[in-house]
Each structure stands twice: as structure tokens, then as C-alpha cells.
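Colleague: Handing you a structure now.
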């Protein structure tokens, strides 16, 4: 926790304030390692890792506009689809393959996770927790598809096509032998020590 | 920025086809200043009918360079930071030795006795120029279309001499469709009686054939959408069809104008030689194994394609990118949204500038950190 807190201060709050999982990921990644970020967006995380951890960074992003901004930021980002794109990389080409807040948007999440562990020595996966109490409450009270701070979209324009809780992810890893090395559960920037599936907004898993 | 074309002369160059050309001259322009450790040099490689005048206002013609919107103070290729070089290609007709040049052995223009040249030969001559300027390693080689082929060839032939390459709207080998369009252009020239087997330098050049070749070329550089926006079915200075074979449509007028204008500035034999060099271009020398061509490459790549480019379609750029990923190369790629077709790299430059600037900046930072 102390280490993670130290990292938080290094990250530019203006660019990363909305993404508490980045603090954890920034803490996990070892200096000088090879990192692939799937769904890298505008390359904020990779740019930070290049600057502060001297990593060899690569990114994949489907959106033309976001890839453009990532490249303009100096990140070697590639416009492509992560569901298909991972097949090109050789085995263990990276030390870490990162999938931050994107698992729920992929068409075939299990394939993506397996490919991540083929291409990378370790995989870092973060996702919004569909089991969080606010989602449960919203569903229970309104009887509609939840629209909360964590899941801000309407059901018809949401990029999220799979909804998973922390328990769902743990079960998947058990059923398909995806080795979990560490878990981080967050509400805002605070680590959640108990009842993560109820209290954590975001989960970060280190697999490998 | 007033610029003047310069010229370097070398005793000879040996060519991929097995012959030697001697002597050989190369026309080039430079913009900005070479820094003390010679680490800020960028080579711009021009497209098919381009020339050495890429930026600034020409001292000779008073005209701006063909990529003046990309090169200059504060622009994507920022001449306040970088030393930018652009040379005319081997086989060309704007200062560098080509079929219209005088063969020293005969005192007459080479015409069709000029040896068939390749993209690799063009790049070899560029390397000789860069060596003669005392530059060991270029920061970047960048070009669009045939310029992109040269940039790729630099990465394969001289991987230790270039830090990054930016191939734009290009391919790693010419496709059947690309060869087909070039062949139509060549046939238009060679079936013009004025072509005279290439020996026209002391008489009327094959202007009609060359103009038709250029008209075909212009169609391939635009997109269905950009032609619809620019011309639609608009009539040229009339309200009704003429019911004859004069000019009815704006698009006819435009193509004729561009065709005729081209005749004044380009040599028909250069058209033949340069299109042949494009058609022979295959980074893999026919094996199709692009991963082997790139095997020794640790150059950074920024590959750019345009969504409406049907002459050099995005899939050709994506093939390059996929292979670079397979060998774990350092590659950035973006398929930029544009309606301008193949011409986009020359005219639709706002987003292109954004990524080129960022990519160059990060590469220059890497070079500085390594030093």
C-alpha cells in the first residue's frame, strides 16, 4: 500500500485522475520491462510507463482518433482489433500484457485472456465490478439495466458487451486454470480489504 | 524560405540490373540546419512525379515545394529542429540523371539506352548523397506512395543508417492492379507516334500519350467521393450537352488540363523508367516472405494509410504492420480517415502532421537518451 501510494504521486493527476487502476498497474510493472497495452486508448498509461519505468511499450487500439493521439504522444500504438490482433505476436514477446477496463468490451474474453498469457509472461487485467453494491441497488430498485457511476452508459449505446463481477472472474480463472498471482480491489483510490465483490468498484488481477 | 536546388556528382553507381551508370548526378534541396552531432537529418523521398523541391519557395521557379504544408518552421517536419533533405530520384527528369540526361559516351541523351533502374537503385544513390553530406545515421526517412517504397527500402537495405521510417500510403510490393495502371500509362506513351522509340529529344515529344497517361494517373489518385465532391456531373461553361466530343463535363476539362500541364514538366521516358521501377518493387525479391526482409531491422516504423485510398489500399500497409509485429518490431500504425483517396498524403495533412510530429519527437528523444 505504501509503495502504491508513492506511485500515485508520480502520476499526472490531470490525465490519470479518472483511472485509479492505473496507479496499481503503474506499481506492478517493473522498470525496463516489455509492455503491451490492449485497448490503450490515447496511450496515457503507456506514456507514463515509458517516462517513469523506461518500459518498451506497445499499444493496440481500435479507434482511429485515439490511436492518433497515442502516436502523437510518442507511443508505438497500432490501430487494430484486440480480438484478432494478438495472434500476430510471438510467444512470451512481452513481460506484461495489460487489459485495463476493456475485458467487458471484448467479443471473446476467454480467448483474449489465454492469448494474453501466451504473448506475455504475465497479464494485468482490470475491470469495473458488476457486483458492486451500487449496481445491485440500482437493479433492485429500478428493475432496469444499471446506469451508475461505474457503468455510465445506456444499455443501447454501451461498449460493454459482457458484465462480470469479481466473483465471476475468479470463477473463470478457476475453471480454466488461469493462474492468479495477485489481486487488488479498489473503491476510488482506496484499497478494499474485505467483501470486495460488494464493495470494490474496480478490480485489478495479475495473472501468470 | 527561398531555396535553391543543389547537385552532387559521383563517378559511377552500380545498378541492381547488373550495369553501371557513370557518371551520375543527383539534385537535392535542404532545409534547416544539421546539428553538431549530425543526428537531426531527415530524408524526404518523393512520389512518382515529384522532385527535389519539397519545401520553401524555389529560387528558380518561385513556386512552393510539393510538401510545403508538411516541411518548414513549426510544421510536422520542423526545420527549426531538423535538417531536411529531399532529392530527385534516379531515372527522374528534374536534375538527377535519367533517360533525358546526356550520355557522356555518346554526347546524346540516353533515351532508351538508359538502364532499367529499381527502387533499390534510387535508394543506393540517396545513400551516396547522405554519405557525402557526412551523415552517418538519418533520424528518419519518410515518403508517400513511391516515396514510401523508398523509405521501406532504406529500412531493409541500410537498417543501421536510419533510426525511423515513415512509409505513407504505400506497399511492400506492387500489386497486379498497380502494375496494370502503370502499363496503361506506358502503352499510352509508347503508342504515341511522336514517342519514336524514345528518340524524341530533338523533336516533338509524345505529348498526347504522356497526357493520357497522366489523366489515368489522376483518376487513381482521387476517390469516387472526392471526384463527386469536386466535379459531380457539373458541365464546363455550358448549360446543355454539346452533343459532340468537345468538353462537356468539368471532370473532362480538369483531366485534360492536368494532362497537358504535366507534359510541360515531365519527360515521357522518365515516366516509363520510373513506373517500371515501381512495378519491379518487391521488398522480398519474389519470396513473399516479408518477415525475412525485415529480419535485421531494429528501426522504428510509423506506417500510415488512408481509408479512401484505393490505389494503395490500407490492407497493403496493414500487411507491413502485421509482419513487423510478428518479428516484434517497433511499429505504430494509423489508418487515417480521409475522402481524398491516394492524394490524401499531399492534401489532407492535419492528422498526418499530428502523428508525424509526435512520432519524430519521441524518436528524437530516444536518440538523445541513448547518446
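The values are calculated or read from the model by the stated rules, or taken from the named source; none is laboratory data. As the structure is a computational prediction, the values presented were derived from the model and not from experiment. FYI the Cβ positions are ideal-geometry reconstructions off the backbone, even for glycines, and counts take in every protein chain you see.
Colleague: Being closer than 17 Å to residue B:149 by Cα, touching a strand residue (DSSP E or B) at 6+ places or on another chain (Cβ under 6 Å) and either facing chain A (nearest Cβ under 9 Å) or in contact (Cβ under 8 Å) with a residue 40 or more places away in the chain (or both), is that true of even one residue in the stretch B:282-295?
Modeller: yes
Colleague: Looking only at the stretch B:335-350, how many residues end up being over 20 Å from the mean Cα position of the chain (by Cα) and within 9 Å of chain A (Cβ to nearest Cβ)?
Modeller: Of the residues in that region, 1 qualify.
Colleague: How many residues does the stretch B:219-244 hold that are within 30 Å of residue B:116 (Cβ to Cβ) and crowded, with 18+ Cβ neighbours inside 10 Å?
Modeller: The total comes to 3.
Colleague: If you don't mind, another one. Filter the stretch B:312-334 for residues that are in contact with a strand residue (DSSP E or B) (Cβ under 7 Å, 6 or more places away or on another chain), more than 7 Å from chain A (Cβ to nearest Cβ) and in a helix (DSSP H, G or I) and give the result.
Modeller: B:314, B:317, B:320, B:324
Colleague: Moving on. Considering only residues that are over 22 Å from the mean Cα position of the chain (by Cα), assigned by TED's automatic domain parsing to the domain that holds residue B:324 and part of a helix (DSSP H, G or I), which ones fall in the stretch B:252-307?
Modeller: Hits for the stretch B:252-307 are B:291, B:292.
Colleague: Let me ask you something else. Do you know which residues across the stretch A:13-39 are touching a helix residue (DSSP H, G or I) at 6+ places or on another chain (Cβ under 7 Å) and modelled with pLDDT under 95?
Modeller: Correct list: A:15, A:16, A:22, A:23, A:24, A:25, A:26, A:27, A:39.
Colleague: State the number of residues belonging to the stretch A:168-187 that are surrounded by fewer than 16 Cβ atoms within 10 Å (Cβ to Cβ) and closer than 16 Å to residue A:27 by Cβ.
Modeller: 3
Colleague: Can you name every one of the strands (runs of 3 or more DSSP E) wholly within the stretch A:22-125 that holds 3 or more residues which are within 11 Å of chain B (Cβ to nearest Cβ) and crowded, with 19+ Cβ neighbours inside 10 Å?
Modeller: Output list reads A:56-61, A:77-79.
Colleague: Let me ask you something else. Check residue A:4 against each of (1) touching a strand residue (DSSP E or B) at 6+ places or on another chain (Cβ under 9 Å); (2) assigned to a helix (DSSP H, G or I); (3) at pLDDT below 95; (4) within 26 Å of residue A:114 (Cα to Cα) and name the one condition it does not meet.
Modeller: (4)
Colleague: May I pose another question? With (1) within 14 Å of the chain's Cα centre (by Cα); (2) within 13 Å of residue A:39 (Cα to Cα); (3) at pLDDT 95 or above as the list, and residue A:70 as the residue in question, which single condition is left unmet?
Modeller: (1)
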